[in-house]
Amino acid sequence: MSEPIAQASAAGKAILFGEHAVVYGRPAIAVPVSQVRAVATITPAPLGSGCILEMPDVGGQAAPTDDPTGHPLAYVAWLALSVLDALPPPDWRITLRSTIPVASGLGSGAAAATAIVRAVAQALGRSLPPAQVSALVYESEKRFHGTPSGVDNTVIAFEQPVWFVRGQPPQPFVIGRPFTLVIADTGVASPTRITVGDVRRGWEADPPRYEALFDAIGGIVHAARRAIEAGDVAALGPLMDENQRLLQALDVSSPELERLCAAARSAGALGAKLSGGGRGGNMIALVTPDGAADVTAALEAAGARSTLITAVGV
Ligand code: MEV
């Protein structure tokens, strides 16, 4: 195999507060999760063979395409080549590997797209600012998700904690005191497109009920920002629990998520909630650094497929 001409990666993400309501203009707080990553490697391909994107983890391949209905990652590769004036596509093999489980709420699609855009720019000796990477990745997110708010591509392209409101540039904010999360996977794949579509149907059927739930979530996100900035970690736990109760009311929780949240709380977590689209995927538990091991053990005993511990704000 030839030497790589470029290699770039992108972190996963977790939404701390505000998923779903963020699609309807309320704020959300999201953080990168650097323990899981997507990595794109570009190697030269034989002269005249064109460009191919290989995804061995999901068992697929596709050529970069300008067709928006094609594979979202092949489309984002084309968009990156296009903004960098590198069309027709060079003779490249782009190999995508990822440790981010698909359809799990950790931003696997946005991270894969970000790694590809970064690697394409690097191979051409160029660099793209995070806002431009984010805008390109948003185009592939629309193919993955239908009506994404843009929070996933933003937190992953900027790779820092963000306060996000749809249609606005992300605001960095101060983390007064670092805090620790345990992230646990239910093992149930749940595409965000489905839950986002179901919430939309609910909102269309009963706007006042859904707007009231989104407002309540928005209030929690504002309170969480104040607590994070003030370093008041203890206040965050109850806010997470309340956000989870509202997500349940939106019908995006699941028995597996509820079981893991309950197990985490019983083992001493300060609060717990699903993270991302819901109905499966990952949940997050806020823990004290000393309590992380007990909560991890309880989550595994309650059936978590995998767990990881991550510190925010260090
Ligand atoms: C998915 O990570 C977060 C959702 O709010 C969808 C979105 O914001 O696009 C569920």
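At-a-glance table
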quantity	calculated
Condition broken by A304, with the remaining ones in (1) surrounded by 20 or more Cβ atoms within 10 Å (Cβ to Cβ); (2) outside any loop (DSSP other than H, G, I, E, B) satisfied	(2)
Filter result for the condition that a residue is within 15 Å of the ligand (Cβ to nearest atom), among the small types (G, A, S), assigned by TED's automatic domain parsing to the domain that holds I228 and over 24 Å from L53 (Cβ atoms), over G167, G197	G197
Count - residues of segment 170-193 that are touching a strand residue (DSSP E or B) at 6+ places or on another chain (Cβ under 8 Å) and closer than 17 Å to P32 by Cα	13
Every residue from segment 266-301 that is in contact with a strand residue (DSSP E or B) (Cβ under 6 Å, 6 or more places away or on another chain), outside any loop (DSSP other than H, G, I, E, B) and within 16 Å of the ligand (Cβ to nearest atom)	L274, N282, M283, I284
Flag if F158 is open to solvent by 20 Å² or more (accessible area, probe 1.4 Å), at pLDDT 95 or above, hydrophobic (A, V, I, L, M, F, W, C) and within 16 Å of the ligand (Cβ to nearest atom)	yes
Evaluation of F173 against (1) surrounded by 16 or more Cβ atoms within 10 Å (Cβ to Cβ); (2) in contact with a Pro (Cβ under 9 Å, 6 or more places away or on another chain) (one fails), failing number	(1)
Options G167, G218: the member that is within 27 Å of A110 (Cα to Cα) and in a helix (DSSP H, G or I)	G218
Residue match in segment 11-31 (condition: acidic (D, E) and away from the ligand (no atom under 12 Å from the Cβ))	no
Every residue from segment 1-60 that is free of Cβ contacts under 8 Å to residues at least 40 places away in the same chain and either in a strand (DSSP E or B) or of a type in the set (A, V, I, L, M) (or both)	G60
One residue from L246, L270, L250, L239 being touching a Ser or Thr at 6+ places or on another chain (Cβ under 8 Å) and either farther than 15 Å from V196 by Cα or not small (G, A, S) (or both)	L270
One residue from L87, L96, L53 being of a type outside the set (S, T, Y) and under 21 Å from the mean Cα position of the chain (by Cα)	L96
Number of the exception - A40 against (1) of a type outside the set (D, E, K, R); (2) crowded, with 23+ Cβ neighbours inside 10 Å; (3) within 11 Å of the ligand (Cβ to nearest atom)	(3)
Residue within segment 281-288 that is touching a residue at least 24 places away in the same chain (Cβ under 8 Å) and more than 20 Å from the chain's Cα centre (by Cα) present	yes
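This table checks each residue for (1) open to solvent by less than 10 Å² (accessible area, probe 1.4 Å); (2) small (G, A, S).
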site: A212; (1), (2): no, yes
site: A216; (1), (2): no, yes
site: V221; (1), (2): yes, no
site: D241; (1), (2): no, no
site: Q244; (1), (2): yes, no
site: P255; (1), (2): no, no
site: R279; (1), (2): no, no
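The values are calculated or read from the model by the stated rules, or taken from the named source; none is laboratory data. Just so you know, these numbers come straight off a predicted model, no measurement behind them. For neighbour counting, all protein chains shown are included, and Cβ atoms are generated from backbone atoms with ideal geometry for every residue, glycine included. Ligands, DNA and RNA are excluded from the accessible area calculation, which covers all protein heavy atoms including side chains. Shrake-Rupley method; radii C 1.70, N 1.55, O 1.52, S 1.80 Å.
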